[in-house]
Amino acid sequence: MKYKRILLKLSGEALMGSRQYGIDPERLAEYANDIKSITDKGVEVAIVIGGGNIFRGVAGASNGMDRVQGDHMGMLATVINGLALQSALENADIPTRLQTAIKINEVAEPFIRRKAMRHLEKGRVVIFGGGTGNPYFTTDSAAVLRAIEIEADVILKGTRVDGIYNADPEKDDTAVKFDHITFEDVLQKGLKVMDTTAFTLSQENQLPIIVFDMNRKGNLLKVVSGENIGTKVNL
């Protein structure tokens, strides 16, 4: 395996499968099996998951809700998704721990860096819920922050698109995919990989990002093995 320790970033929408909202158990089971394929090879896996399939703080704010309240609701949505993913992983016989940036002691451990790293060393998949614990920060920012803290080798951003394009491939048939691209080029071309705060943090800490299609079975194992899947963003 090319990478020993990874941070997998999943969007909340990814859990919807073909549904309009909520969580698709079949999609969860597929993800669990893909994650098992790399944990069986000794790869240490941490996961940050969004909450957009349940609630988005930004969307709430745009409809008149207080932004801070909305973001707190979004954090709770990521914990719900984390619990669902934890259940799916454990059904696949993968030991897990759910840690949250906001204290919900009856449901999950609080995030403690040393404990998280110890869990990873023992072969447990660690799911980070609650974002960063602060409003105005996305789960992209949480993913980069946690990846840096646990000393991950790479951030794998699993999406429904097979990489980064110069235009939206779902709307533009002439869109061209990049196999490799630098942080500077992403910024100059105005490409949307992560929000600016998260992306800049990754750049400053020289942490590579790989964007790939998580919904294609076997892609996660291929990426971790070092195959040229998706788009790699590095210096």
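Of the numbered criteria (1) open to solvent by 80 Å² or more (accessible area, probe 1.4 Å); (2) polar (S, T, N, Q); (3) closer than 14 Å to Leu235 by Cβ, the one Thr174 fails is (3). Please verify whether Glu26 is over 18 Å from Leu120 (Cα atoms), touching a residue at least 40 places away in the same chain (Cβ under 8 Å), open to solvent by 70 Å² or more (accessible area, probe 1.4 Å) and not small (Gly, Ala, Ser), treating the condition exactly as stated. For Glu26, the condition - over 18 Å from Leu120 (Cα atoms), touching a residue at least 40 places away in the same chain (Cβ under 8 Å), open to solvent by 70 Å² or more (accessible area, probe 1.4 Å) and not small (Gly, Ala, Ser) - is not met.
Identify the residue in the range 30-54 that is more than 21 Å from Val211 (Cα to Cα) and in contact (Cβ under 8 Å) with a residue 12 or more places away in the chain and, among all such residues, is surrounded by the fewest Cβ atoms within 10 Å (Cβ to Cβ). The residue in question is Gly42.
For the range 1-51, a residue qualifies if it is within 19 Å of Gly74 (Cβ to Cβ) and touching a Leu at 6+ places or on another chain (Cβ under 9 Å), and the qualifying residues are Lys9, Leu10, Leu15, Gly22, Ile23, Ile47, Val48, Ile49, Gly50, Gly51.
When residues in the range 158-171 are screened for being part of a strand (DSSP E or B) and either without any contact (Cβ under 8 Å) to a residue 12 or more places away in the chain or open to solvent by less than 30 Å² (accessible area, probe 1.4 Å) (or both), 2 of them pass. Within the range 116-136, the residues that satisfy the criterion of being in a loop (DSSP other than H, G, I, E, B) and within 18 Å of Met73 (Cβ to Cβ) are Gly130, Gly131, Thr132, Gly133, Asn134, Pro135, Tyr136.
The values are calculated or read from the model by the stated rules, or taken from the named source; none is laboratory data. Owing to the predicted nature of the structure, the values given are computational and were not obtained by experimental measurement. Cβ sites come from the backbone with ideal geometry, for glycine too, and all protein chains shown count toward neighbours. Calculation scope for accessible area: heavy atoms of the full protein, side chains included, ligands and nucleic acids excluded. Shrake-Rupley method; radii C 1.70, N 1.55, O 1.52, S 1.80 Å.
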